[in-house]
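A.B. asks: Got a structure here, written out as structure tokens. Questions coming.
Derivation of every value follows stated rules applied to the coordinates shown; laboratory data play no part. Since the structure is predicted, the reported quantities are computational estimates derived from the model, not experimental observations.
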Amino acid sequence: MNGFNAIKYVGGLREAGVPEKQAEVHLRILHDVIESNLATKRDIEELKTKLKRDIEELKTELKRDIEELRTELKRDIEELRTELKRDIQEVRRDMKELEQRMTIKLGGLIVVTIGIIVALSNINII
């Protein structure tokens, strides 16, 4: 019982008229209560050391988890870039194909229009 003066406690009880045997029983009971219910400086230091160790372990785990997330994110971003490039190429290819089809249709319309104009001019309507 660090910090507790047992001799002074028993002496105080004896001065108050408590018989020595009773004073010793009081001391044992008080000692048991203190030992079982109160944290000592050593208990607190051990707990403090354990908490520091636990905090360091958590920091290490967090750093590892963050690094894993970073790696996953980089991989996901790279996959998205690849998909976007592929999608952009598909859209460009589709637009070029559409442009070619529209050019052909427009050319056909122009030919038909010219044919109609020529036909009409031969009939002297124009």
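A.B. asks: Give me the angle, in degrees from 0 to 90, between the Cα long axis of helix 20-37 and the longest principal axis of the Cα atoms of the chain, rounded to the nearest 10.
C.D. replies: Approximately 10 degrees, to the nearest 10.
A.B. asks: Can I ask one more? With a 10 Å cut-off between alpha carbons and a GNM built on the chain, which of ILE104, ILE116, ILE29 moves the most?
C.D. replies: Residue with maximal mean-square fluctuation among ILE104, ILE116, ILE29: ILE116.
A.B. asks: Still on this model: Give the average over all directions of the projected area of the C-alpha convex hull of the chain, one decimal, in nm².
C.D. replies: Reported value for the Cα convex hull: 18.4 nm².
A.B. asks: With everything on Cα atoms, drop me the angle between helix 6-15 and the longest principal axis of the chain, reported from 0 to 90° to the nearest 10.
C.D. replies: Helix 6-15 sits roughly 50 degrees off the main axis of the chain.
A.B. asks: Starting at the first residue of region 62-77, write each ³J(HN,Hα) from the Karplus equation 6.51 cos²θ - 1.76 cosθ + 1.60 with θ = phi - 60°, in whole Hz, x for Gly and Pro.
C.D. replies: Couplings: 4, 4, 5, 4, 5, 5, 4, 4, 4, 4, 4, 5, 4, 5, 4, 4 Hz.
A.B. asks: Treating cross-link reach as a plain straight distance, find the lysines whose alpha-carbon is under 17 Å from the alpha-carbon of LYS41, omitting any fewer than eight places away in the same chain.
C.D. replies: Partners within reach: LYS50, LYS52.
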